[in-house]
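The values are calculated or read from the model by the stated rules, or taken from the named source; none is laboratory data. Note that this is a predicted model, so its numbers are computed, not measured. FYI the Cβ positions are ideal-geometry reconstructions off the backbone, even for glycines, and counts take in every protein chain you see. Accessible surface areas use protein heavy atoms only, side chains included; no ligands, DNA or RNA. Shrake-Rupley method; radii C 1.70, N 1.55, O 1.52, S 1.80 Å.
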Amino acid sequence: MAGSKLMQGTKALTLATLISKIIGFLYIIPFFPLVGEQGVALYQAGYMPYGIMIALATMGVPVALSKFVSKYHALGDYDTAHRLFKSGIPLMLFMGFLSFWVLFLGAPLLATIVYTANAGDQYGFDDVVFVIRMVSFALLVIPVMSLIRGYMQGFQQMVPTSVSQVIEQIIRIVFILAAAFVIMNLGSGNMPLAIGFATLGALVGAFGGLAVLIYYYRMQRMYILKKVSETKQPAETRQPLPKMYKELISYALPLSFVGLSIPLFQMIDVYTIDGAMAAAGLGHLGKPFIGVLTGMAHKIVLIPMALATALSITLVPIITRAYVSGDHTILQTYITQTYQVILFITIPASFGMFVLAEPIYYFLFGANESFVLGVETLRYYAPVTILFAIYAVTGSILQGMNRQKNAVLSLVIGLLLKLGLTYVFILWFGAYGAIWTTYIGFGVALALNIYAIGRHANFDYTIIFRRTILITIFTGMMMMAVGLIWGGMKVWLGDVSRIGVAVPLFISVGAGVVVYFYLSIRSHLAGKVLGERFKIR
């Protein structure tokens, strides 16, 4: 029952996150031919520091506030949570203004780190500065939007966050593509200028997302104020704001840092690959590889992570409520259900991408100059989805149990491994060395999280271990079926166009889904993981 409740609370966020990730990925298909590989690399050079600054500006407030609100709602104190929310609005506006100026003024320093001049470059140092400064304007809006999302999530209302995410993403992508098209096809054709204006889509999209949240808050305002008035305490017994902020910050700083896990790993790649590739005698591949790895392959592997992202947002307030109330049974059920669902979906999805890397890349991006590099990058990078997904939810579980220090420590160790090994691995193994260090860093961080959950929640991994073995066996059988079908159709059809490859690709994917779910249902695995409707009657 508890596991079913968890999944019901996650449905809206899962759907919204999946839609957002699909939209955020699909725009690359028309965007890539407009601006090219180096245009994508320049876009990523601007977006990487922006992503880091968002996390610093919001300080993990959305999830931290949802945890704070959920805790005090469980104690019947709606007034304390609402007072913190109201006082947080001017604070988030200030943090947005401050982070904007830090990124805007610090753009030349960041560009110095990320840009290495090579022969054949289509953009220069000043262009990187320009792009970073253009995207920095979105920081004026994002923090206050994040605060409202966190407050609504604390009420177990995930629909406002879900709808605002989708609207924000749609507006952002439409603006990106429109700006790039107008400048590249109707205007001067200046690629760096097109990228700079495309990044303004983050600001326009943020305004759209904020408008949606304000609308939902106004709809719920009377209900919220009624709850607050019922629990309003005399002034002399109220918690002082400094004490509340101290508690919030104790949640927020670790959440902020752990939420930076994937962006920080990517930032190490963006700031290391170009120089390391040049030192390895592969300087001409540096910027194309950055574009392929961080702008193309990465967006593809994030799609199966939609459920993990939604779960990681939903889990913190839910597990906090179970932890605060001391309900050990429900806590164990939530953790078990989370592990099972994530493994059940991400293992077959990631290895399906591994087998079908060639047709997926060809269908999405065509046979461009870096086709072989792109296919191999996607193939080697696809299984990292499993680590990303499980790390996201294990970090959330630890935070819900007030074990933030464990999550932070594991990430620090993982980042140090990634930072210390990436340059050397690229010299030893070429471009793909950057991928191997992601596996090492995230693998070690994840192992530490899993150990901490087992220790502090007294969690028995026996069931998870057995289910993982079964999932792995079924995934292996699925991979054989998909590989045979794709290989046979490739021989039968011969060379096909980019559009023509869609039919054998979708047939192969469909066959994989059918094989995997048939085996899962017949073995009763699907019923145990996904619920009653998947059980054999």
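A few points about this structure:
- Some residue of the stretch 498-510 being in a helix (DSSP H, G or I), touching a Pro at 6+ places or on another chain (Cβ under 9 Å), crowded, with 17+ Cβ neighbours inside 10 Å and of a type outside the set (A, V, I, L, M, F, W, C): yes
- Failed condition for Arg149, given (1) of a type in the set (D, E, K, R); (2) under 20 Å from Phe85 (Cα atoms); (3) open to solvent by 50 Å² or more (accessible area, probe 1.4 Å): (3)
- Residue count, the stretch 86-138 (criterion: of a type in the set (A, V, I, L, M, F, W, C), open to solvent by 10 Å² or more (accessible area, probe 1.4 Å) and either part of a helix (DSSP H, G or I) or closer than 20 Å to Asp269 by Cα (or both)): 22
- Screening the stretch 202-254 for residues that are at pLDDT below 75 and among the small types (Gly, Ala, Ser) and picking the one that is surrounded by the most Cβ atoms within 10 Å (Cβ to Cβ) gives Ala252.
- Checked against (1) in contact (Cβ under 8 Å) with a residue 12 or more places away in the chain; (2) closer than 23 Å to Leu525 by Cα, Phe465 passes all but condition (1).
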